[in-house]
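Okay, so here's the structure we're looking at.
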Amino acid sequence: MVSRVIPVDPFDLVIFGGTGDLARRKILPGLYRRMAAGQMPAEARIIGAARTDLDRAGYQAMVREAIEEFGDPKHAGDAAGVSDFLERLDYVAVDATGDDGWKELKGKMRDGMIRAFYFSVGPSLFGDLAERLKAHKIAGDESRIVVEKPFGHDLASAKALNASLARYFDETQIYRIDHYLGKETVQNLMAVRFGNMLFEPLWNSQYVDHIQITVAETVGVAGRGSYYDKSGAMRDMVQNHLMQLLCLIAMEPPAKFDPDAVRDEKLKVIRALDPVDHHEIVRGQYDAGADGPSYREDVEDPKSRTESYVAMKLGLSNWRWAGTPFYLRTGKRLKTRASEIAVVFKDAPHSIFGPDAGRHRNILTIRLQPNEGMELGVTIKEPGPGGMRLMDVPLDMSFADALGDEAEEVPDAYERLIMDVIRGNQTLFMRGDEVEAAWAWTDPIIEGWIDRHDVPKPYDPGSSGPDDAMLLVHRDGRKWRDIRA
Ligand code: BG6
């Protein structure tokens with residue numbers, strides 16, 4: 001298989017928050033990797049912008065360290081490559097809420113280049129940055145701005161953010177990142193659904209018994225407790241990442257793979273979501289374990305009621321999915337890091353093999369991480385003598401096996417999304433109305449918890465979550481899939 005790296009057009013990318021954690025961990029090492037892959041042209045320029053008083057050399061030194069610490073080891077050791085990348089960097093100290101630095105930034109922008117502005121800063125600064133970019137005529141009608149989550153913490157704040165950006169930029173210029181949409185398998189979900197004849201006819205409540213979406217993490221919230229404790233798993237993961245996965249798995253086929261066609265279909269899914277009964281949601285909070293403190297110790301609040309885990313049963317009121325439950329769960333400090341979507345098909349209507357053959361079901365598993373790939377469980381005859389006994393075997397397609405050495409070069413989510421910004425392709429970014437619809441569905445759930453003074457159920461670190469989450473599925477005669485790497 002030959003991968004095709006198509007270089008993007010030359011650009012000036014300004015990273016506000018260019019000295020921050022996301023820039024150092026993801027954005028800058030990711031851009032270096034794109035350069036090493038030949039996707040970033042020689043004329044491209046990256047300008048770090050932040051409050052910190054640094055000169056160009058100081059910024060280059062900081063980025064060199066970031067690449068050494070967080071970069072892909074395969075390229076980070078290439079001294080000539082790293083130096084080449086650093087040559088494309090510049091820096092300007094900018095006051096997001098004042099006047100300092102803007103003139104200098106304007107002076108650094110080149111004519112005839114694509115201009116992109118990455119707001120890798122807290123949402124409270126989005127409006128200020130947008131206003132100054134326009135006031136100083138640094139951004140024009142063709143420029144793009146990239147904004148990070150959290151995009152609001154409820155519907156009202158998301159609307160306010162959308163309005164503050166819309167004052168200066170058209171929706172076609174705004175790229176709202178949900179890094180889950182940049183993951184290789186997430187896009188494969190669309191390829192598998194809409195590129196094959198095999199699955200789509202069965203992709204509905206007539207043939208699908210239920211769907212499980214699991215995003216399990218082993219990390220806790222130490223180090224980011226002050227953000228996380230105000231957010232919780234519902235705002236941090238469900239409203240955005242899990243919602244996006246649900247949309248892609250449940251949406252109708254768009255007429256074409258273009259940004260608005262895809263996003264229109266996703267929006268319809270969110271709008272078709274039933275309100276969730278509070279008995280259909282389980283919140284959890286991790287306890288202390290042998291290898292780490294409890295959630296409450298991590299966030300330094302002995303009374304915190306924020307959830308580090310949530311499991312829920314959802315329904316969609318539309319023709320395709322009425323009657324098929326979607327079970328979602330996500331949590332921190334669980335037994336292993338594993339994210340997958342499992343489409344569990346219904347039993348065959350009648351077993352010609354009699355009761356001894358047992359119960360067999362087809363399950364299509366889409367693994368997001370680790371070991372990205374797909375697995376389809378099919379039922380076959382147990383080999384050898386002994387009569388007609390049935391067993392389930394996986395038809396397994398790991399992307400690493402399929403791609404061989406090229407799997408190493410698959411861009412990570414941020415790399416892919418930044419290249420899409422430069423290309424001007426919004427398909428994998430959230431539109432303003434999508435984000436608002438997701439909050440409109442989320443808000444009443446969170447308000448319900450507050451009104452009922454809901455306290456999350458404790459769970460052991462290294463487990464699969466609270467027992468009540470198991471019951472949520474068991475009482476429907478189903479069970480969660482094992483969380484495994
Ligand atoms: C982030 C959340 O958006 O996604 C984090 O804020 C979470 O809490 C992370 O850990 C998970 O991302 P990934 O790519 O590691 O699954």
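Read-outs throughout are calculated quantities, based only on the coordinates presented, and are distinct from any laboratory measurement. On a predicted model such as this, the values are computed, not experimentally measured, just so you know. Here Cβ is always computed from backbone atoms with ideal geometry, including for glycine, and neighbour counts include all displayed protein chains.
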Residues meeting the amide H criterion for TYR459 (H placed from the backbone, H to H distance under 5 Å, 5 or more places apart or on another chain) are GLN285, TYR286, ASP287
Taking θ = phi - 60°, what integer Hz values does the Karplus form 6.51 cos²θ - 1.76 cosθ + 1.60 yield along the range 288-305, in sequence order, with x for Gly and Pro? 6, x, 4, 10, x, x, 6, 4, 4, 5, 4, 9, 6, 9, x, 10, 3, 10
Among the DSSP beta bridges whose two residues both lie in the range 192-333, what percent are antiparallel, rounded to the nearest 5? 65
C-alpha center-to-center spacing [the range 319-387, the range 177-231] in angstrom: 16
Using the number of other C-beta atoms within 10 angstrom as an exposure proxy, rank THR379, THR97, THR324 with the fewest first. THR97, THR379, THR324
Rounded to the nearest Å, what's the spacing between the alpha carbon centres of the range 252-287 and the range 439-485? Just the number, please. 18
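Please work out whether the range 169-257 counts as rounded, prolate or oblate from its C-alpha gyration tensor, where a ≥ b ≥ c are the square roots of the eigenvalues and a/c under 1.5 means rounded, while otherwise a/b larger than b/c means prolate and anything else oblate?
Oblate, since a/c reaches 1.5 and b/c is not below a/b.
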Global form of the range 1-135, assessed from the alpha-carbon gyration tensor, a/c cut-off 1.5: prolate
Under the Karplus relation 6.51 cos²θ - 1.76 cosθ + 1.60, θ = phi - 60°, what is the ordered set of whole-Hz ³J(HN,Hα) values for the range 383-390, x standing for Gly and Pro? x, x, x, x, x, 8, 9, 9
What is the fewest-to-most order of LEU368, LEU198, LEU242 by other Cβ atoms lying within 10 Å of their Cβ? LEU198, LEU368, LEU242
Isotropically averaged projected area of the chain, using the convex hull of Cα atoms (one quarter of hull area), nm²: 25.5
Residue-wise, which Karplus ³J(HN,Hα) couplings in Hz belong to the range 475-485, taking 6.51 cos²θ - 1.76 cosθ + 1.60, θ = phi - 60°, and x for glycine or proline? 5, 9, x, 10, 9, 5, 6, 4, 7, 9, 6
With only alpha-carbon atoms counted, please give the Rg and Dmax of the range 348-485, in Å. 22.1, 62
Please give the calculated 222 nm ellipticity per residue for the chain, where each DSSP H segment of at least 4 residues contributes -39500 (n - 2.57) and the sum is spread over every residue; nearest 500 deg cm²/dmol? -9000 deg cm²/dmol
